[in-house]
Amino acid sequence: MAAVALGWRGLVVEGVSLFGERVTIVAGVNQGAHEQRVTSGWGPVVDRMSVAMLWEWPEYRAVVSPVTVEGVLARGRRWQRALAKAGGFVGFCSTAILLDQEYEPNQHCLVTAHWYGVSVLRLAQGVPVLVQPGRDGPVETARPSALSRWVEELVYARLLQDSRITLSEAG
C-alpha cells in the first residue's frame, strides 16, 4: 500500500535483505529481457564477483537487465533508523521511509529526508499516508554500476524464487 501512496509502479518485494538491512523493493520487469534470459537458460547471476567481471566486459554490456529497481522503502519506528536503512539507495532510485507512528514526524526528520530526497510516510490507522514527497527516480548523475546490477540480479532471483514472474508473463 505504501508503493501506491508513493505512485511507484512495479512488483513489490517485501523483506529483501541488502547490505545488512531488510527493505521493501519495488521492481520493474523488462519483459523482453526476462523472456530472453528464460529461453536462453541464463538465470540470475547473484555472485558479486561474476557480476563485476561479466558486465564490465564489452561483449556483455549490451545484455539488458530483466529487472530495474524503481524504489526502496525502509520501515521503522524511529526515523533515524529507517533513514539509515534507506541511505544506501539514495541517489540510485526513488527512496522512502515508512514510520510506524500515528503522529506527524518532527521537523528534523522532514528536513533531513528532504535534504537526501527521501519521501516520508507515516501510518494513519494502519494505512500509509504520504507526509512529504522525495525525489522521483535516480539523481541525474547516477550511472549503472556492477553494484547496482548485482542488486538487480538479486531482486530478479527473488522474483523468480517467489514465482512472481514466469515465462508466460514475458509474452
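The values are calculated or read from the model by the stated rules, or taken from the named source; none is laboratory data. Nothing here was measured: the structure is a model prediction, and the numbers come from that model. With ideal geometry, Cβ positions are generated from the backbone for all residues, glycine too; neighbour counts draw on all protein chains shown.
For region 129-144, a residue qualifies if it is within 17 Å of the chain's Cα centre (by Cα) and aliphatic (A, V, I, L, M), and the qualifying residues are Val139, Ala142. What about Ser17, is it outside any helix (DSSP H, G or I) and either in contact with a Gly (Cβ under 6 Å, 6 or more places away or on another chain) or buried (at least 17 other Cβ atoms within 10 Å of the Cβ) (or both)? It is false that Ser17 is outside any helix (DSSP H, G or I) and either in contact with a Gly (Cβ under 6 Å, 6 or more places away or on another chain) or buried (at least 17 other Cβ atoms within 10 Å of the Cβ) (or both).
For every residue, the table says whether it meets (1) at pLDDT below 95; (2) hydroxyl-bearing (Ser, Thr, Tyr); (3) in contact with a strand residue (DSSP E or B) (Cβ under 6 Å, 6 or more places away or on another chain); (4) under 17 Å from Ala3 (Cα atoms).
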residue: Arg77; (1), (2), (3), (4): yes, no, no, no
residue: Ala96; (1), (2), (3), (4): no, no, yes, yes
residue: Leu99; (1), (2), (3), (4): no, no, yes, yes
residue: Gln107; (1), (2), (3), (4): no, no, no, no
residue: Gln132; (1), (2), (3), (4): no, no, yes, yes
residue: Pro138; (1), (2), (3), (4): yes, no, yes, yes
residue: Leu147; (1), (2), (3), (4): yes, no, no, no
residue: Gln161; (1), (2), (3), (4): yes, no, no, no
residue: Thr166; (1), (2), (3), (4): yes, yes, no, no
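Among the residues here, Ala86 qualifies as within 20 Å of Leu147 (Cα to Cα), in contact (Cβ under 8 Å) with a residue 24 or more places away in the chain and in a helix (DSSP H, G or I). Checking each residue in region 56-83 for being part of a helix (DSSP H, G or I) and either of a type in the set (Asp, Glu) or at positive phi (or both) picks out only Glu59.
Residue pairs whose Cβ atoms lie under 7 Å apart, sitting 6 or more positions apart in sequence or on different chains, and linking a residue in region 19-46 that is within 27 Å of Thr95 (Cα to Cα) and modelled with pLDDT of 90 or more to a partner that is assigned to a helix (DSSP H, G or I) and among the basic types (Lys, Arg), are Glu21/Lys85; Val23/Lys85.
The numbered conditions (1) in a loop (DSSP other than H, G, I, E, B); (2) surrounded by 13 or more Cβ atoms within 10 Å (Cβ to Cβ); (3) among the polar types (S, T, N, Q) are all true for Ser50 except (1). Scanning region 120-163 for residues that are small (Gly, Ala, Ser) and either part of a helix (DSSP H, G or I) or in contact with a helix residue (DSSP H, G or I) (Cβ under 6 Å, 6 or more places away or on another chain) (or both), we see that the one that is nearest to Leu99 (Cα to Cα) is Ser148.
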